[in-house]
Amino acid sequence: MKTKLFWLALVLAAAGLGWFAGTRQKSSIQTAAASGERRVLFYQSSMHPWIKSDKPGNCTICGMKLSPVLEGETPLEEGDGAVVKLDSRSLDVLNVETTTVRLQPLRRSLRVAGTIDDNDSVHQRLSAYVDGRIDKLMVRFNGAEVTEGQPLAHLYSPTLLTARDEYLLLAGQPASPQRDRLLQVSRQRLARLGLTAAQIDGFAKQEGAANYVEILAPISGTVVERKVYEGQYVKEGEVLFEIANFDTMWFVFDAYERDLAWIAPGQMVEITTPSVPGGIFRGPIDFINPNLDPMTRSARVRVVLENPLVGEEGQQRRRLLHKVYAEAMVQIKTPEVLTVPRSTVLSPGGVPLVYVVQGEGSYEARPVRLGRAGDNAWEVAAGLEVGEVVVTAGNLLIDAQAQLDHGGEMHSAGEAVAPSGSELTQVGSSATPLTDAERTAGSGLLKAASQLGEALAADNLDAYNAALPMLPAPLLEVSTHFRSAGDGVRNAAALSPARDLAGARKAFYPFSKAVVQFAQALQVREPGFAEVKVFECPMVRDAVPNAPERKGRWLQVSGTLRNPFFGAEMLECGVEVKP
């Protein structure tokens, strides 16, 4: 009896404790709900959702403040970006236009310049095979048209005449095995002295032995250069005539390193030249020299053109002349790739992004990785899928609204952000310090860039062109140690010797912009680079017409402000941009 009472009391006590615990838990939940407080799970970047932290801070890529993710909220997944929501009235004001991401060929019109040269594969120099004297010239001027076997000059040469007389003496002897063998040896000697088989056979038919031997044209073509005169003594090996065949011509131009990805053998090229007004010549790319010029970072490209004779006032002449200047347009069409219109892509802080439509009035700012730039479209290597809808017009205003929504922090670190995908993406106090190799590579490039700017500030074109050969080495080091960050600077550094200061400053503008962004990213990683000064001029477009921005920046490793875009005209125009 006592045992039963014990177990009954135990069950009632357990039930009471359960009711009490449940009541306390319900009360706690109701209290938390009433207070509206939720626990922070972690912090996440709105622009780069894969960047997460258990503490407040900034995104290590774009510098934007991390957003808290609370209990009950769905965190952003990788690929999601900052979302901007606009009402219908704002949409009407912004006049937003969109298009669908799709696969299509990428088109590019590449304008180049070069010269029209002769077909070098059939170019010949006619040299003297033996010492002698030029007694008579049949071709007396450069530009003369000759045919193969045509006499060009009479050569008096005792050695050659002696060999001819020995041959004629043997030819007049009765036939015998020994005579035939000696006659064959004599013929071979005459051939080595530059005579053709027809000339040797003709000796026996001559009524009287002449005191000269004719020099014949080895090919049909045009005499490019005559290097002898009547009465001139010549030595063995001395060049007498230079002959080129103008039936086909070579248009040769330089293709810069950034354009080589577009060019391939077989592509048709349209060529124009001032020497033939209104004329258009078409030919295929025949060859691309795989050896780049280290000075200009360019490769020679060859186009083969037909060049027939044309009648002009009763005379025949070649339509395309030798060594004339020409321009060309290479129309390029790639296989289908993922593309977006060029107006779609923004680049705040050097990070390409597009706004993707997420619904009516909702737009996601999404970083993308770009490939080649066509005339009207960008190739997208990563970040978008076929069928997604992106903003083509009004995206600048959407981006401005996005910055307002985020308190101006979306691109606050823009100037200090390195190009997308580089090794310089970590910013802030926790950034990884530079290695010795990275520090050396970065310093070398900044010094070379500063030297170019100093030359332009001094209005010294010769010093600018002389400093250009010093640039490829540090560019290569930066590309090696910083990967795509270095590639971004190197792609903007297609600098070649300039003909005037205006052209030099125009080429220097994009290079300087890329180097400044690179230097500012270095300053984030390494306090020692704070000594490098960055300056900004608000009037650069006056010195560099059609510059994409009115202002421009440059760096100096030492010295006071000296404006490379204006030189002595406004040497001290600008302000220092603090890191």
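The values are calculated or read from the model by the stated rules, or taken from the named source; none is laboratory data. On a predicted model such as this, the values are computed, not experimentally measured, just so you know. Virtual Cβ from ideal backbone geometry, glycine too; neighbours counted across all protein chains shown. All accessible areas refer to the heavy atoms of the entire protein, side chains included, with ligands and DNA or RNA removed. Shrake-Rupley method; radii C 1.70, N 1.55, O 1.52, S 1.80 Å.
Side notes on the structure shown:
Results for (1) in contact with a Gly (Cβ under 7 Å, 6 or more places away or on another chain); (2) open to solvent by 80 Å² or more (accessible area, probe 1.4 Å); (3) farther than 22 Å from Ser496 by Cβ; (4) assigned to a loop (DSSP other than H, G, I, E, B), shown as yes or no for each residue.
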{"residue": "Pro265", "(1), (2), (3), (4)": "no, yes, yes, yes"}
{"residue": "Val269", "(1), (2), (3), (4)": "yes, no, no, no"}
{"residue": "Val276", "(1), (2), (3), (4)": "no, no, yes, yes"}
{"residue": "Arg282", "(1), (2), (3), (4)": "no, yes, yes, no"}
{"residue": "Asn291", "(1), (2), (3), (4)": "no, yes, no, yes"}
{"residue": "Thr296", "(1), (2), (3), (4)": "no, no, no, yes"}
{"residue": "His322", "(1), (2), (3), (4)": "no, no, yes, yes"}
{"residue": "Met329", "(1), (2), (3), (4)": "no, no, no, no"}
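- Set Leu404, Leu434: member being open to solvent by 60 Å² or more (accessible area, probe 1.4 Å) and at pLDDT below 85: Leu404
- Members of region 202-247 that are of a type in the set (D, E, K, R) and surrounded by 12 or more Cβ atoms within 10 Å (Cβ to Cβ): Glu214, Glu225, Arg226, Lys227, Glu230, Glu236, Glu238, Glu242, Asp247
- The numbered conditions (1) under 27 Å from Ala519 (Cα atoms); (2) open to solvent by 20 Å² or more (accessible area, probe 1.4 Å); (3) at pLDDT below 60 are all true for Val345 except (3).
- Subset of region 57-84 (residues that are modelled with pLDDT of 75 or more, assigned to a strand (DSSP E or B) and either touching a helix residue (DSSP H, G or I) at 6+ places or on another chain (Cβ under 7 Å) or not β-branched (Val, Ile, Thr) (or both)): Asn58, Pro68, Leu70, Val84
- Filter result (assigned to a strand (DSSP E or B) and either touching a residue at least 60 places away in the same chain (Cβ under 8 Å) or open to solvent by less than 30 Å² (accessible area, probe 1.4 Å) (or both)) within region 369-394: Arg372, Ala373, Ala377, Glu379, Val380, Val389, Val390, Val391, Thr392, Ala393
- Taking every residue in region 111-134 that is closer than 25 Å to Gly237 by Cβ and open to solvent by less than 20 Å² (accessible area, probe 1.4 Å) and pairing it with any residue that is assigned to a helix (DSSP H, G or I) and of a type in the set (Ser, Thr, Tyr), at least 6 positions away or on another chain, the pairs with Cβ-Cβ distances below 8 Å are Val130/Thr159; Gly132/Thr159.
- Residue selected from region 298-315 under the condition open to solvent by less than 80 Å² (accessible area, probe 1.4 Å) and under 30 Å from the mean Cα position of the chain (by Cα), by the criterion farthest from Asp118 (Cα to Cα): Ser298
- Residue count for region 150-176 under the criterion of being part of a loop (DSSP other than H, G, I, E, B), modelled with pLDDT of 90 or more and either surrounded by fewer than 17 Cβ atoms within 10 Å (Cβ to Cβ) or within 54 Å of the chain's Cα centre (by Cα) (or both): the result is 1.
- Whenever a residue of region 455-482 is part of a helix (DSSP H, G or I), its partners that are of a type in the set (Asp, Glu), lying with C-beta atoms within less than 6 angstrom and at least six residues away or across chains, give the pairs Ser479/Asp487; His481/Glu438; Phe482/Glu423.
- Selection over region 331-368 of residues that are at positive phi and assigned to a strand (DSSP E or B) gives a count of 1.
- Residue count for region 348-368, restricted to those that are acidic (Asp, Glu) and either open to solvent by 30 Å² or more (accessible area, probe 1.4 Å) or free of Cβ contacts under 8 Å to residues at least 40 places away in the same chain (or both): 1.
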